[in-house]
Amino acid sequence: MIGLWHFLAVSAVLFGLGLTGFLTRRNLITMFLCAELMLQGVALNFAAFSRFHAQMYGQVFVVFAVAVAAAEAALALALALVLYRQARSMDVSVWQSLREAGVPATVDLEPLQIPEVAQEEEEVHLPPAGLRPLDSCTEEHAGV
Amino acid sequence: MSELMNLVWLILILPLAAALAAALMVPARLGRTLAHVPLVVACACAALLAVTILSQWSRIPSGQILSQAGTWFAAGQLQVSISLALDPLSATMLGMITFISSWIALFSAGYMAGERGYARFFAIMSLFVFAMCGLVLANNFFLLLGFWELVGLCSYLLIGYYFHRPSAAAAARKAFLVTRLGDVGLLLGIFWLWKLSDGQTDLTAVFDHVVRHRPASGEIDLACLLLLCGAIGKSAQFPLYVWLADAMEGPTPVSALIHAATMVTAGVYLVSRCAPIFVLSPTAPIITAWIGGGTALLAAFLALAQTDLKRILAYSTVSQLGYMFLALGTLGAVHPGMAVVAALFHLLTHAFYKALLFLSAGSVMHAMGGVIDLRAFGGLRRLMPITHLCFLCGAAALAGVPLLSGFWSKDLILDTVIAASEQGGAYSGGYYLLLLIALATALLTAFYSFRAYFLTFWGPQRIPAEAGEYAHESPPVMTIPLIALAAGALGAGILLEPLTHVLSRFLATTPTVQQAAQLSLTTEGQVHFDWTVALISTVLAALGIGVAGLLYHRGEPRQLPAILEPIMALSRRELYVEAVYQAIIVRPLEGVAFLAKVCDGALSGTVRLIAALPGMVGQGFRVIHNGLVQFYALAMMLGLTVLVAFVLLRVAR
Amino acid sequence: MLAGPGKGAAIGQRNDISSAFPCEKMHEAPMPESSLVMMVNSIGPVVLAVLLAVLGSSWLLPRPRGRFVSGGVTAWIAAAVILAVWSYHRWGRPTLELVGSVLFLLFASAALGGGATLVVQRNPARGAIAFAFAILGVCGLFLLLAAPFLMAVTIIVYAGAIIVTFLFVLMLSQTAGPSDENDRSREPLLGGLAGFAFAGLVLWLLHISSLGNGSTLVRAVEWGEVGRQNQTERVEGRADVDEDREENRSGGTTPSGITPQTQKELLTVLTNAERQKLREALRRLDHAEEILAGDLRQEREKRIGYFETVKDLVIQVVGAAREDEMGAAREGTLSERLVLPVHATEASVPLYRSDPQVRAVMAQVQRVRATNWRTFKHIESQFLSERPEKASMEREVQLLRQELLVLLGYGETPARTVSNLGYVVYSEYLLAVEVVGVLLLIATVGAVTVAQRHTGERE
């Protein structure tokens, strides 16, 4: 079936990308986005089959899948918010308490490279007009 | 006749009921003060009943009543019935047991007052009395065995009465195990007799069958020797005597009743009972005689230098039991009636004076606050006059002072040995040697008994610190039994045998004795009173008493004469028998036990290892559960990928 | 363009169509048995692509000690190229026309590029934007699949609602500076392996199932007296595919001895010439509509003129392929070609397909044919009458136009799928709709409740 396979291939690769992201990324938001990416792949799959079977049922499924995805995203984001409030971090690895007793917690040992944040130059703060600047500066005092 | 048997059953049941009553009293508060009542009442009633039976003996025509109560168990050819036999032998034993135990029960009511576990003591004592009565009444070997073991159990429980003390617990264990060794022989002997008699287990039936069918002499020898093993164990003869000295860890009434008067005499009773087959055996009697004689001398030697009063009395018991076995050892050579009478007479008198001696020692111990070491006290004759006099009576009887009971019974034994040495045939020389040994033992007996007497009651009065304010004469509840037993020790001997021959005539009517008499080759039924031997024994007793008085009448001398020093040293060390036993028996057994423990450990270790394997595997796999959601999802996806790949491979093919 | 799913199918008619495309792919004979090695060889590119993708992901996913960006991007692009070439090689060009192909490539690139960026992007906000691009790409693909409603819904729900909510949550959960979750990955190698290996497995599955799928076609192609070369022209674009299929053909012959060339020709629905004629007819019809817009009384001649042309054109295609007659009520070229030749002559080139899709089209064409003639008559009467009714004429023209579109293979316009979708959803799946509505309500309430701040009582 010319054409169908290409769509299915794209859908498969989308799903695989989403799966990779879900399994590797640690930010809760990014994880959920990758899950949504997986759902997109699946929706594309259904739409392609619907097209190539000349039936509407695939698209119907996609509609419902999107609706459920929306509901799931709402709850997932609410939960992400609550988790953030508990741990002050969006890292999913913070939540390890369901491990077996006796298994030590998994901690990251490699230090993050903190880039040197360039010190912001202090903005020059001009005094309101008409008043002498309080600091002693080398420049000439303006005005009186 | 059946009423008499009913009385016999009642004698049997009364102590059992007392045991139950006392056992029920154990948790109650009443038990702390009134638990002695059932025992005293039961023993007194039983003694009265025994006297009644004895007085009405003429109503028994055949000299014995058999009573069968039913079958205990039956398996194939083995039929064990609950049958009791009342004949002169068992009636005599019964009378002695109940009489002595009632006085001792009364004594122990005062002695054990205030002890923890008061009711437990009386419960076990009552059970013991029941078991002892059952033992002498039993007409079935297995029933006898049951009662045999039961007395052993009661002895164990009572030696270990103060079970918090490690030495007491160890002594109880030792007593039980050593007698166990003998009991193995007894069991094997019973089985052998069962085989020999084609499946009979009742004593009367076994004897009838053996007498009628006369098995080979080697087989009878084996049976007698096996039975003798049991007797040796229970009656503390060489080599199984080591438990009796340690058994003094128990309370003194226990020592008096069980380890002086009754339980240790069960072996003597057994051999007396089995006189018919002992007579038929060629070698068993002489072996018995040598064991008895050797043990008598050995124990007397060991008693010379002991410092624990009760230990002296314990070794003395062993020695006197040796005398009884010596008497029984003449079964083949003299008229069985003589041998049995001699042994039983000595048993009776020994029961009186030994119980008296033990109770006196108990009275002293009670007054001295639990101290029984001779080195700790002395000169008590003014402090405890009644105890002093009673002890003197007992010691005199033990030493063989003329006209006292011990003199008469010891002399009867010596006369029997002389008769055996005259008539013994091949063993005459052996019997003569045994006579000399017995005389030497008499000398030593007199010495050590009066050494104990002088060290306790003469010399400067010393009271140990543990006595405190208790150092006074014992209360009447304890002294009255002493007086009663002293009366028996003084007069029982002369009343029973030498002039009136009451005992010998009575015992001669025992069916088993008559049966044995028929088998024996001798016809002489009466023992002549040998004046020579009596004189020699009197001289020896006086010598012994004199030497002891000389050395000890002022208490422990600072230095003993040089001759006696090594003897006393050996005696003190008990001839290193314990060390020998430890090396020969105990260490190898411990080694075997260690090996068994190692094997058991290996087995159970293997099982435990297998049981632990899932845990270890799980521990290894536990690392997977690290609580990370992504890890779990990753594992799931990898597994799913593998699965899908596998399915696709199959499909594609 | 592409024909959408027929309405008949939407109303529950089971047509069991498995391809809307008029072109059948060429297939070879069933695989020889000793083909495990061959199979492995044939999916070698997939394996290579998966490995490159894993390598690239392990370089690109956030790491504390820095990423090898150029290497990873190169690896991923190489993997994508390999995959594209392989799929093109394996399954042929994606669509019939150039525009379709280009659009497909564009939207697919947007989707995959956006997804890739989302996966490796450190900043979650940027990741959300990349996700938006991915959504747009997928929506474009939905459009290509004649699902405009899905496109609209996806954009509204995802790019509109979900991404905005994501951004809100991002704002509420600010982490300053480099943080563990953004700069580290959990098991990048294994995670990439799991994901891409799964995708590779699915691709392999596609490969396998597309190998075996044409077998039904082979069995079904039973020709009666077949063999004649179709004199019609080749449809454009087929040639490229044929060349690529050279090695795949492996010399297999169909049971009836038809050469592949003929087969391909036979499997066409319309020839190019017919297609052109139909298009011309459509154009004339548009003009006809213009005419109808004006004053009908004056333009009668023009009307008739235009109609004649249309009629000619249409009849030429629909009516008869034979030059001889008009085919008043007879079956024309098209239906003959689509039906088992019961009475086929040399002149006719029978065409038969067991393909249910085509059979549906065929049935539709039959219907069109039936109504078409009536419509013709009606229009003719209208056009040629003295007092034409404008409204009915317009309606008839519209009808004819749509029927011609169907013949052209366009079927109904993609926009019709919206109404078809609504039809299906609200008839067969009404309960599901209600349930999903309630579910959304519950989710909303639940989300609000869960995310509440508990003031006063601290857990």
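Just so you know, all these numbers are worked out from the coordinates, no wet-lab data involved. Quantities reported herein were computed from a predicted structural model and do not represent experimental measurements. Glycine gets a Cβ as well: all are built from the backbone with ideal geometry, and neighbour counts include every protein chain shown.
Some points to look at:
- Residues with amide H under 5 Å from that of B:Leu374, placed H, sequence gap 5 or more: B:Asp308, B:Leu309
- R0 of 35 Å, Cβ-Cβ distance B:Ala113-B:Ala170: FRET efficiency to nearest 0.05: 0.80
- Degrees between helix B:284-302 axis and first principal axis of chain B (Cα, 0 to 90, nearest 10): 90
- Chain lengthening between B:Ile483 and B:Ala612 when straightened (0.36 nm per residue, less Cα-Cα): 39.5 nm
- A full extension of the chain between B:Ala645 and B:Leu54 corresponds to an added length of 202.5 nm, given 0.36 nm per residue minus the alpha carbon distance.
- Relative to the dominant Cα principal axis of chain B, helix B:217-234 is inclined by about 80°.
- Cα principal axis extents for the range B:113-164, largest first, Å: 40, 18, 9
- The range B:321-414: C-alpha gyration tensor shape, a/c 1.5 cut-off, then a/b vs b/c: prolate
- Distant-in-sequence amide H partners of B:Trp72 (H built 1.01 Å from N, under 5 Å): B:Val80, B:Ser81, B:Ile82
- Convex hull of chain B built on C-alpha atoms - directionally averaged projected area, nm²: 43.2
- Net length gained if the chain between B:Ala216 and B:Trp9 were fully extended (0.36 nm per residue, minus Cα distance): 70.7 nm
- Cβ-Cβ FRET estimate between C:Gln452 and B:Cys599, R0 fixed at 56 Å, reported to 0.05: 0.25
- Dipole axis of the range B:149-199 (+1 Lys, Arg; -1 Asp, Glu on Cβ), positive-most option in B:Leu187, B:Ser155, B:Ser197: B:Ser155
- Across q = 0.22 Å⁻¹, the range A:1-125 modelled as identical point scatterers on its alpha-carbon atoms has Debye log10 I(q)/I(0) values of -1.24, in the order of the q list.
- Pairs with C-alpha atoms separated by more than 29 Å, drawn from the list B:Lys174/B:Lys354; B:Lys195/B:Lys597; B:Lys195/B:Lys234; B:Lys174/B:Lys410; B:Lys195/B:Lys410; B:Lys310/B:Lys410, are B:Lys195/B:Lys597; B:Lys174/B:Lys410; B:Lys195/B:Lys410.
- Whole-Å distance, taken between Cα centres, linking the range B:600-652 and the range B:52-107: 74
- Radius, Kirkwood style, for the range B:496-653 when every pair of distinct Cα atoms is counted (Å): 27.7
- Across the range A:27-84, the mean sequence separation of Cα contacts (distance under 8 Å, 6 or more residues apart), normalised by length, yields a relative contact order of 37 percent.
- Computed over the range B:117-213, the range of Cα coordinates on each principal axis works out to 54, 24, 14 Å, biggest value leading.
- The chymotrypsin sites (Phe, Trp or Tyr not before Pro) of the range C:66-171 that DSSP puts in a loop, and whose beta carbon has at most 15 other beta carbons within 10 Å, are C:Phe68.
- Averaged over peptide A:75-86, the number of partner chain Cβ atoms lying within 10 Å of each residue's Cβ comes to 6.
- Amide H contacts under 5 Å for B:Leu380: B:Phe457, B:Trp458, restricted to partners 5 or more places along the chain or on a different chain, H placed in the peptide plane at 1.01 Å from N.
- Span from the the range B:298-360 Cα centroid across to the the range B:395-473 one, whole angstrom: 9
- The fewest-to-most ranking of B:Leu359, B:Leu193, B:Leu435, C:Leu98 by surrounding Cβ atoms within 10 Å reads C:Leu98, B:Leu435, B:Leu193, B:Leu359.
- Relative contact order %, chain B, counting alpha carbon pairs below 8 Å whose residues are six or more apart: 13
- The per residue volume of the convex hull around the alpha-carbon atoms of the range B:224-311 is 78 Å³.
- Packing-based exposure ordering (other Cβ within 10 Å, fewest first) of A:Glu36, C:Glu187: C:Glu187, A:Glu36
- Along the range A:27-38 the Karplus relation, 6.51 cos²θ - 1.76 cosθ + 1.60 evaluated at θ = phi - 60°, assigns HN-Hα couplings of 6, 4, 4, 4, 4, 5, 4, 5, 4, 5, 4, 4 Hz to successive residues, with x for each Gly and Pro.
- For peptide C:114-125, the mean count of partner chain Cβ atoms within 10 Å of a residue's Cβ comes to 6.
- Cα long-axis angle, helix B:309-328 against chain B (0 to 90 degrees, to the nearest 10): 70
- Distance-filtered residues of the range B:197-226 - backbone nitrogen under 17 Å, label point 7 angstrom along B:Gln79 Cα→Cβ: B:197-210
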